[in-house]
Each structure stands twice: as C-alpha cells, then as structure tokens.
Amino acid sequence: MAELKQLEVCLCGIPFKNPLILASGTCGYGLELRDYIDLNRVGGISVKGLSLQPCKGNPMPRIVETSAGLINAIGLENVGVNDFINNILPDLKKFDTVIIANFWGKSIEEYVEVARLLDASDIDMLEMNVSCPNIKEGGISFGTNLKQLENVTNSVKKIIKYKPLIVKLSPNVGNIATFAKAAENSGADCISAINTILAMSIDINTFKPRIANVTGGLSGPAIKPIAVRMVYEIYKSINIPIIGLGGIMNYMDVLEFFLVGSKVVQIGTANFINPDNALNIINDLKDYLNDKKIKNISELTGKIVV
C-alpha cells in the first residue's frame, strides 16, 4: 500500500491513483484498449476529441511513421458528444479511473455547447483542445492567436458549473508561456502541454506528401525535448497545475516532465507501440521512488536544479 501512496496525486481537486493518463487520440474512447490493458490501473483516460456533431475526419492516408515519431492528420474524427455521453460513457464509467473528456469546436458557440453538455455528464474533467481554426474568424486558430484563446477560454469557463477546465495548448507558437498565462487569466484550471508539432513527410518515389492532408501533427520521442522545454517555461509563468505530455516512452521521460513542473503526465504515441506501456512505467516509477526514498512523486514537481 505504501508504494501505491507514493504515486497518488491530486489535480484540481480530483484524486488520481497515479499520475499516468492515456492521452487523447491514442486510446480511442478508452474502451478500445480494455482487452489489452487493465484500465483500472491507469490514473486516467483522456478520450479522443469530441465535437458537437459527428466528424468523419480527413481523407486517407492520414498517419505515417517517421524515424523518431508519428505524423497524423486524423482530422479529429469522432462520434459526436451526444453519442459519447449516451452510448460510450456508461461503459467507460465502469472502470476505476479518472475520465477526461477532450473536446473541440469550429466556433466559440460550438465549444460552449459541447462543454455545457459534458459538464452535465458523468465525466470528471474537461480538456479543451484549442488547436482548431475558428471558421467564423477566417480560419484563425484558437490556439495560436492570444485573443482567440482568451475569448474561447473565458466563454467556456463561464458556462461550466461542475468540472475543472484543462486547456491543451498548441506548441506552434513563438512563446508558449504567454499563451499559458492568457489561458490562466481567462479561467483555465489547468494546462496540458504540448499538443503535436506541425510537420510533413514526402514520398521520394511519387514526390507526393505521405499524408493526404499534406501536413500533420508530429508526436513521439522526436518532440520530447521540445515539450520538456515548453513545460519548463510554462511552469515559471503560471500558478495553475500542468499536465505534461509529448514523446513520453518510459519512466525516465516521466521524471523529466515532473522535474520541470508537471503535476501529472499523459502517455500518447507509446500506446501504439505497447498498449500496456503505462503499466510498465508505473512499476518503474515505484522502484525509482523507493530507491530514492521519496514518499510521493509530487515532491519532484518543479525540482529541476539550474
């Protein structure tokens, strides 16, 4: 039991049995992995991004491996928020883990309506993906324009009554700490960072992009050093907790994110390589904490020595 206590954390008033969350877009709605991993043992699950209406996503091919990661342009395919709440969430709630609903919209109005529906549902936390274009403002991305980020965060926070709001930041900006501070000032309860980095890959035989969408989001080990640096910059700039993610493959990666300021982390691309990777990391973290005689992993948050 002592080992279990070492990994317990609290995020925005929500208790987690351990700080490992399966990242949005890498585990479906969570249920897809139930035959491959004991979902009761992970700290939380962030479901694939939900929209107001069902979304078919981008044309194929929309995923390609790189030498140190993965590029995807899935296009946020999902069943829609109502289908999720009515037909998926009841089964997901049977597992003893924190349920985080990642969501998005094409306008502030859509963000607000999806958030309203999720806030009234049986999920535990909301994670707002702001890496989307605002179709009412000429396609300006919510996550790369400070004013758009402030407007959508403020609007969503106003209608949420019951659940903490996580804002998942885009790394495709000049100074991510500025965006984190803007989200905090606009009502965010927590920041998750980072989302994927814009990238592309070319087939040298056909001369065509390997992704039908031409560009996509890069994830995996290639982006970890960038993600660690960005979490470090965010931590120095805000007073709300941070969920760190981006290329985490093992317990050492997790510890890096904690040392630069993360309260919990998300495991993403690693789930495709080994669905129970998170459970292996949990065991390795226990051994590390025991070896270092650390009572709780939260003691490591922000303890980088510079």
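Determine whether residue 37 is touching a residue at least 24 places away in the same chain (Cβ under 8 Å), more than 17 Å from the chain's Cα centre (by Cα) and either assigned to a strand (DSSP E or B) or surrounded by 15 or more Cβ atoms within 10 Å (Cβ to Cβ) (or both).
Judged against the criteria, residue 37 is a match.
Going through the stretch 10-34 one residue at a time, which ones are more than 16 Å from the chain's Cα centre (by Cα) and either without any contact (Cβ under 8 Å) to a residue 60 or more places away in the chain or surrounded by fewer than 20 Cβ atoms within 10 Å (Cβ to Cβ) (or both)?
10, 13, 14, 15, 17, 31, 32, 34
Hey, can you tell me all the residues within the stretch 46-60 that are assigned to a loop (DSSP other than H, G, I, E, B), touching a residue at least 24 places away in the same chain (Cβ under 8 Å) and not aliphatic (A, V, I, L, M)?
51, 53, 54, 58, 59
Pairs under 8 Å by beta carbon, first residue over 24 Å from residue 10 (Cα atoms) in the stretch 256-276, partner in a strand (DSSP E or B) and not basic (Lys, Arg), six or more apart or different chains?
These pairs meet every condition: 269/69; 269/70; 269/219; 272/70.
Of 187, 174, which residue is without any contact (Cβ under 8 Å) to a residue 60 or more places away in the chain, assigned to a loop (DSSP other than H, G, I, E, B) and under 18 Å from residue 103 (Cα atoms)?
Among 187, 174, only 187 is without any contact (Cβ under 8 Å) to a residue 60 or more places away in the chain, assigned to a loop (DSSP other than H, G, I, E, B) and under 18 Å from residue 103 (Cα atoms).
Give the number of residues within the stretch 267-306 that are of a type in the set (A, V, I, L, M) and farther than 30 Å from residue 34 by Cβ.
The total comes to 5.
Condition first: more than 30 Å from residue 286 (Cα to Cα) and in contact with a helix residue (DSSP H, G or I) (Cβ under 6 Å, 6 or more places away or on another chain). Can you find one or more residues in the stretch 68-84 that meet it?
Yes; the residues of the stretch 68-84 include at least one that is more than 30 Å from residue 286 (Cα to Cα) and in contact with a helix residue (DSSP H, G or I) (Cβ under 6 Å, 6 or more places away or on another chain).
No value in this document is a laboratory result; all are computed from the given coordinates. Small disclaimer: the values here were computed from a predicted structure and weren't measured. Glycine also receives a Cβ, built like all others from the backbone with ideal geometry; neighbour counts cover every protein chain displayed.
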